[in-house]
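Engineer: Once you've had a glance at the structure underneath, I'll fire off some questions.
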């Protein structure tokens, strides 16, 4: 458990998420465990808590907790990745390099374009004759 200015970040292993309770609401980071790391999948802050720095406090609390436990992280969550980019003091916790958001956007756009151009239900435009 790591305390910050809002509350303590707790590992709710039964739910697979790190949680931080604030004013009766719970912000969380969902995760999956591997043999060598904790995969940080998604961060969620309730609307009632938005705009108060709670997401950043949660990210810091999760990373500090992982550090105290001697664990490494694989960051899939875009919010946590952005936090680590702004706070390179957490780079040592990374079990894998952060993904490049520009590259991911291009991949997503390419996938969308391919789905539109070549829907699986359409027959091939050209059928070879024998």
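The values are calculated or read from the model by the stated rules, or taken from the named source; none is laboratory data. Quick caveat: nothing in here was measured; it's all calculated off a predicted structure. Virtual Cβ from ideal backbone geometry, glycine too; neighbours counted across all protein chains shown.
Engineer: Does the range 66-89 contain any residue that is farther than 22 Å from residue 100 by Cβ, in contact with a strand residue (DSSP E or B) (Cβ under 6 Å, 6 or more places away or on another chain) and not in a loop (DSSP other than H, G, I, E, B)?
Structural biologist: Just the residues of the range 66-89 that are farther than 22 Å from residue 100 by Cβ, to begin with: 66-71.
Narrowing further to those that are in contact with a strand residue (DSSP E or B) (Cβ under 6 Å, 6 or more places away or on another chain): 66, 71.
Remaining after also requiring not in a loop (DSSP other than H, G, I, E, B): 66.
Yes, the range 66-89 contains a residue that is farther than 22 Å from residue 100 by Cβ, in contact with a strand residue (DSSP E or B) (Cβ under 6 Å, 6 or more places away or on another chain) and not in a loop (DSSP other than H, G, I, E, B).
Engineer: Within the range 43-86, how many residues turn out to be over 22 Å from residue 22 (Cβ atoms) and under 10 Å from the mean Cα position of the chain (by Cα)?
Structural biologist: Number satisfying all stated conditions: 4.
Engineer: Next up: For the structure I just gave you, tell me whether residue 52 is touching a strand residue (DSSP E or B) at 6+ places or on another chain (Cβ under 9 Å), at pLDDT below 95 and surrounded by fewer than 18 Cβ atoms within 10 Å (Cβ to Cβ). Spell out how you get there, then give the answer.
Structural biologist: Details: touching a strand residue (DSSP E or B) at 6+ places or on another chain (Cβ under 9 Å): yes; at pLDDT below 95: yes; surrounded by fewer than 18 Cβ atoms within 10 Å (Cβ to Cβ): yes.
Here the answer is yes, as residue 52 does meet what is asked.
Engineer: Return yes when residue 73 is modelled with pLDDT of 95 or more and surrounded by 16 or more Cβ atoms within 10 Å (Cβ to Cβ) and no when it is not.
Structural biologist: Working: modelled with pLDDT of 95 or more: yes; surrounded by 16 or more Cβ atoms within 10 Å (Cβ to Cβ): yes.
When the stated conditions are applied, residue 73 passes them.
Engineer: Condition first: buried (at least 17 other Cβ atoms within 10 Å of the Cβ) and part of a loop (DSSP other than H, G, I, E, B). Now tell me which residues in the range 26-49 satisfy that.
Structural biologist: 37, 45
Engineer: For residue 14, are the conditions met, namely being more than 21 Å from residue 99 (Cα to Cα), touching a residue at least 12 places away in the same chain (Cβ under 8 Å) and surrounded by fewer than 16 Cβ atoms within 10 Å (Cβ to Cβ)?
Structural biologist: On the way: more than 21 Å from residue 99 (Cα to Cα): yes; touching a residue at least 12 places away in the same chain (Cβ under 8 Å): no; surrounded by fewer than 16 Cβ atoms within 10 Å (Cβ to Cβ): yes.
Answer is no for this residue.
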